[in-house]
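Notes follow the structure.
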Amino acid sequence: MHLSDFDFELPEDLIALRPVKPRPASRLLAVEGGAQRDLRVRDLPDLLRAGDMLVFNDTRVIPARLRGERRRDTSDGPGLAQIEVTLAERLGPARWRVLAKPGKRLRAGDRVTFTEDLSAEVTDKEPGGFILLDFSLSGEALDGAVERAGEMPLPPYIAGRRAADAQDRDDYQTVFAAKLGAVAAPTASLHFDAELLARLEAAGVLSTRVTLHVGAGTFLPVTAERLDDHKMHSEWGEVTAEAAAAVTAAKAAGGRIIPVGTTALRLIESAAERGVLNPWRGPPAIFIRPGYRYQISDGLM
């Protein structure tokens, strides 16, 4: 199977630069048994049955895009370069693996200054475009500095058409975000608000939460023409014992398990063994593509 098999045309005028409000007013295409219906996300309580279970990703997005300046002494005097960094994976209290633009302007030993109290030293450049940074702050102090200085990392198809702003901190966070660690939003979950969640609960639709910290690799294009050659980016996830038990009970009672978004889908399928969802933590290892046989999921939101 080749990457070109998935080509499709997406007209620019159909790319929303801001989310619709209220969130559940977003358009929804319902596909079942070959039939298609144009609906709205607010119609979900009518699509699902009492006893069905929605599986949400409760990761919380950090404002992971930082803008800074690299200063390097040269024979012609101080050399300056504007650097944009997107945090990708935390490796320690003060160390992150990042994507940098333009990465070619950086080399080991360079220091990038982001704010008066936050800077980082380049310690290594890895294959695949990733760079290792050791920050001047550590632990909670680093988290606070990133929260103050960072921007929400918009998807490339939006970031190419407008700049990030303060409103994005709300727009690109789910209403049930709890566990800090993602550098991109689990976008399917952005369509829910408190009112819709209450309506679903009143209709007898069950829900549970799992955690997958979406990484900056989600912004990288697939470059391998053959899907067999594509290497999935690494992300950290967890299915708690409580979540596994809730899914198992719902499935045993005849409910359909509907993960909300591909992050939740990939996580619970990675945690499954012989059709049973187990407590699990680590990086999901599977690559879901046509021909995959689902063990837990009965549908996808």
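The values are calculated or read from the model by the stated rules, or taken from the named source; none is laboratory data. Being a predicted model, the structure only gives us computed values, none of them experimental. Note that we place each Cβ from the backbone using ideal geometry, even for glycine, and neighbour counts take in every protein chain shown. Surface accessibility is based on the protein's heavy atoms, side chains included, excluding ligands, DNA and RNA. Shrake-Rupley method; radii C 1.70, N 1.55, O 1.52, S 1.80 Å.
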Discussion item. With the requirement that a residue be in contact with a Lys or Arg (Cβ under 7 Å, 6 or more places away or on another chain), farther than 16 Å from Lys21 by Cβ, surrounded by 14 or more Cβ atoms within 10 Å (Cβ to Cβ) and of a type in the set (A, V, I, L, M, F, W, C), what does segment 177-210 give you?
Written reply: Ala177, Ala182
Item to complete: Kindly indicate whether Arg107 is basic (Lys, Arg) and either in contact with a Pro (Cβ under 7 Å, 6 or more places away or on another chain) or in a strand (DSSP E or B) (or both).
Response: no
Fill in: Those residues of segment 1-28 which are in contact with a strand residue (DSSP E or B) (Cβ under 9 Å, 6 or more places away or on another chain) and over 24 Å from Phe287 (Cα atoms), in sequence order
Val20, Pro24, Ala25, Ser26, Arg27, Leu28
Worksheet item: Tell me, which strands (runs of 3 or more DSSP E) wholly within segment 1-61 include 1 or more residues that are among the small types (Gly, Ala, Ser)?
Response: 27-32, 35-40
Discussion item. Of the conditions (1) within 28 Å of Arg266 (Cα to Cα); (2) part of a strand (DSSP E or B); (3) open to solvent by 40 Å² or more (accessible area, probe 1.4 Å), Thr123 satisfies every one except a single condition; which number is it?
Written reply: (1)
Worksheet item: Going through segment 250-274 one residue at a time, which ones are surrounded by fewer than 20 Cβ atoms within 10 Å (Cβ to Cβ), at pLDDT below 95 and touching a helix residue (DSSP H, G or I) at 6+ places or on another chain (Cβ under 9 Å)?
Response: Thr262
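Among Arg70, Arg105, which is the only one that is open to solvent by 40 Å² or more (accessible area, probe 1.4 Å), without any contact (Cβ under 8 Å) to a residue 60 or more places away in the chain, touching a strand residue (DSSP E or B) at 6+ places or on another chain (Cβ under 6 Å) and farther than 24 Å from Ile158 by Cα?
Going through Arg70, Arg105 in turn, the sole match is Arg105.
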